[in-house]
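The values are calculated or read from the model by the stated rules, or taken from the named source; none is laboratory data. Bear in mind the structure is a predicted one, so any value in this text is a computation, not a measurement. Using ideal geometry, Cβ is built from the backbone for each residue, glycine included, and neighbour counts are taken over all protein chains shown. Keep in mind that these areas ignore ligands, DNA and RNA; they rest on the heavy atoms of the full protein, side chains included. Shrake-Rupley method; radii C 1.70, N 1.55, O 1.52, S 1.80 Å.
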Amino acid sequence: MPAEHEQRTWGLWIDGGWRPAASGRTFAVENPKDASVLAEVAEGGATDIDAAVAAAQRAFDGWSETPPEARARVMAKAAEILRGRMDEFVRIEVDQTGRARRELAAQLGRLPEWYEYFGALARTHEDTVPPFNGPFLNYTRRVPLGVVGHVTPWNHPLLILTKKVAPSLAAGNSMVVKPSELAPLTPLLLGEVLRDAGLPDGVYNVVPGFGADAGAALTRHQGIRKIDLTGGTETGKTVASLAGRNLTRFAGELGGKAAMVAFPGVAPQAVVNAALFASFVATGQTCVQGSRLIVHRSIHDAVVEELVTRTRTLRLGDPQDLRTQVGPLVSERQRAIVEKYVRIGQEEGATLAVGGRRPEGAAYERGYWYLPTVFTGVRNDMRIAQEEIFGPVVCVMPFDDEEEAIALANGTEFGLAASVWTEDVRQAHRVAHRMQAGIVWINDHHRIDPASPWGGFKMSGIGRENGIAAYHEYTQIQNVIVNLSSAPFDWFADDGAMKRYS
Ligand code: NAD
């Protein structure tokens, strides 16, 4: 039988298999390069969320009681199967996001490591035994939460989902996923990989659909113990408040406005190499996009000159072509947002140094193309420097001293990521420590690893992905106190001193 996506109609993934939505409705997923319809996907709603949560609840006992080493074996097998199907996953991920194949081949190529890392963590994470006075053994266990809900965006559909699925599985949870309506295909296809790896039916369920419908139904569901959202900050506030009504745990990986801070002594060419990547990877649609390039005045003009020249040479083209460096934006809506902010930037008095329009040519007539764009002469109080644009727009700002650079970098409501570029090792750490950001890179940008905690300060989020922190966040602590004494239970002893709580 041809794979589901070859048939162009995809179902929901519930209880280890495909099924249509209860409503019978479907919605179209587009290829952003030419706005063609890539697939029709079942449109899940509240009834489907109920079915998925029920399946996950049925599967929970068995999976949570599966010993960690057996869970780790399933996860290692999933990594192996994913490696074997990598070409297919990359092709679909490119088609549904419009992102360049060179990026997604590199990004997805690493995802099997998440299953291996968290599987190993499940095996090696022993219960702790803190000291306790008297004849007692006191220990804690980390037990899974139950059924967890993952709500994910379209910009890194499989990476972001993997960051949530791997620790959830390792810790013994079952789950329901509501992927982005723009890019639900690879999250659905992951169901086949996990099933073939031996994951029991019902542990991993996917209900594609829209945020206000399937997303809200999942968030409100009383059977969900934790909602983990990656999305915009406004979505985060809505989802957190819905979850709060049931005291459902909430984690949010939200918006960003990352600064790249370049100090004197760094070669302008090195700054530009980094800025081209930080600003334009994923056509600027990443939460850690280097959207504000804060450059010391002594190298500012040289950086701007080279940045503008090399931005013009970036190769746009078919995202499936390995030579392509910049693909389209994901949707008409996203392009309209970028165009709105470019207008705002010009009205605010920033200088449009390059880009600022759609590319010309037959290849770009359909689809959601936009040229990589550089604004200079930007002030940090401008809206283009403060609000998340989520597109290929970078704002360049000069600074004169370290204090000013730190104030500029920290001067937004966001606090996800920052990068510090300097040849001075003392300055590197001094400045990094003062960044109000959950992730700081020194002479690097946008590096990610399953072992490195990922998450935001301020309005960029709550909670952490990756690392032991993520594993912990998918568990709850149970404390067990064992009285080792054979002395009689003495609450009734008439010595006037109540000792039970001492
Ligand atoms: P979005 O907020 O529009 O949607 C994210 C997800 O939430 C989607 O699945 C959507 O359907 C769902 N959703 C929307 N409204 C909902 C509601 N009321 N109830 C439940 N679910 C709802 O975000 P997007 O456009 O898909 O992604 C871009 C945003 O994600 C950017 O702000 C970006 O910074 C952020 N992001 C953050 C990180 C991070 O690690 N911090 C990573 C990637 C993207």
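Filter the trypsin sites (Lys or Arg not before Pro) in the range 296-345 down to the DSSP loop ones having no more than 15 other Cβ atoms within 10 Å, then list what survives. Filter output for the range 296-345: 315, 323. Three semi-axes describe the equivalent ellipsoid of the range 185-272; taken as square roots of 5 times the Cα gyration tensor eigenvalues and ordered largest first, they are 35, 22, 11 Å.
Using the C-alpha atoms of the range 117-225, what convex hull volume per residue, in cubic angstrom, is computed?
On the way: hull volume 14.6 nm³, N = 109.
Enclosed volume per residue, from the Cα hull, is 134 Å³.
Which percent, nearest 5, of DSSP beta bridges in the range 352-502 are antiparallel?
Numbers: 5 of 12 bridges.
Counting DSSP beta bridges with both partners in the range 352-502, the antiparallel share is about 40 percent.
Could you work out the Kirkwood radius for the range 355-494, taking every pair of different alpha carbons, averaging 1/r and inverting it, reported in Å? Each step should come with its number before you reach the end.
On the way: mean 1/r = 0.0511 Å⁻¹.
Its Kirkwood hydrodynamic radius stands at 19.6 Å.
Could you give the length gained on full extension between residue 76 and residue 106, defined as 0.36 nm per residue of separation minus the Cα-Cα distance, in nm?
On the way: separation 30, 0.36 × 30 = 10.80 nm, distance 1.98 nm.
Here the segment from residue 76 to residue 106 would lengthen by 8.8 nm.
Distance between the modelled labels on residue 297 and residue 386, one decimal in nanometres: 2.5 nm (7 Å Cα→Cβ projection). Based on alpha-carbon centroids, what's the gap between the range 360-439 and the range 208-272 in Å, whole number please? Cα centres, the range 360-439 to the range 208-272: 19 Å. Fully extending the segment from residue 360 to residue 485 would add 36.8 nm, taking 0.36 nm per residue of separation and subtracting the current Cα-Cα distance. Rounded to 0.05, the FRET efficiency of the residue 61 and residue 443 pair, given R0 = 51 Å and the Cβ-Cβ distance, is 0.55.
For the chain, report the accessible area per residue in Å² (1.4 Å probe, heavy atoms, rounded to an integer). Each step should come with its number before you reach the end.
Working: 20650 Å² over 502 residues.
Normalised by residue count, the accessible surface of the chain is 41 Å².
The fraction of accessible area contributed by carbon and sulfur in the chain is 52 percent, rounded to a whole number (1.4 Å probe; ligands and nucleic acids excluded).
Over every pair of different alpha-carbon atoms in the range 1-119, take the mean of 1/r and invert it; report that Kirkwood radius in Å.
On the way: mean 1/r = 0.0603 Å⁻¹.
The answer is 16.6 Å.
Stokes-Einstein D for the range 204-361 at 25 °C, 0.890 mPa s, Kirkwood Rh over Cα pairs, in µm²/s? Once the numbers are plugged in, D ends up at 132 µm²/s.
In this simple spin-label model, placing a label point 7 Å from the Cα along the Cα-to-Cβ direction at both residue 269 and residue 8 gives a separation of 4.9 nm. With helices as the sole contributors, the chain gives -12000 deg cm²/dmol at 222 nm; each DSSP H run of n ≥ 4 counts as -39500 (n - 2.57), and the sum is divided by every residue. The stretch between residue 138 and residue 321, if pulled fully straight at 0.36 nm per residue, gains 60.0 nm over its current Cα-Cα span.
So what's Rg/Rh here for the range 324-367, counting alpha carbon atoms and using the Kirkwood radius for Rh? Provide the component values of the computation, followed by the final result.
Values: Rg = 11.9 Å, Rh = 11.9 Å.
A ratio of 1.00.
Taking one quarter of the surface of the convex hull spanned by the alpha-carbon atoms of the range 258-442 gives a direction-averaged projected area of 10.0 nm².
For the range 258-442, a crude dipole built from +1 on the beta carbon of Lys and Arg and -1 on the beta carbon of Asp and Glu, taken about the Cα centre, is about 480 debye to the nearest 20. Taking 24 Å as the limit for the C-alpha separation, the pairs 33/77; 163/226; 33/257 exceed it in the case of 33/77; 33/257.
Ratio of the chain's C-alpha Rg to 2.2 N^0.38 Å, to two decimals? Don't skip to the answer; put the middle values down first.
Values: Rg = 24.8 Å, N = 502, 2.2 N^0.38 = 23.4 Å.
Computed over Cα atoms of the chain, the ratio equals 1.06.
Using C-alpha pairs under 8 Å with a sequence gap of at least 6, the mean separation divided by the residue count of the range 258-442 gives a relative contact order of 28 percent.
In this rough spin-label picture, where each label sits 7 Å from Cα along the Cβ direction, the residue 333-residue 87 distance is 3.5 nm. Is any residue of the range 47-78 close enough, with backbone N under 19 Å, to a label point placed 7 angstrom from the Cα of residue 196 along the Cα-Cβ axis, and if so, which? From the range 47-78, the list is 73-78.
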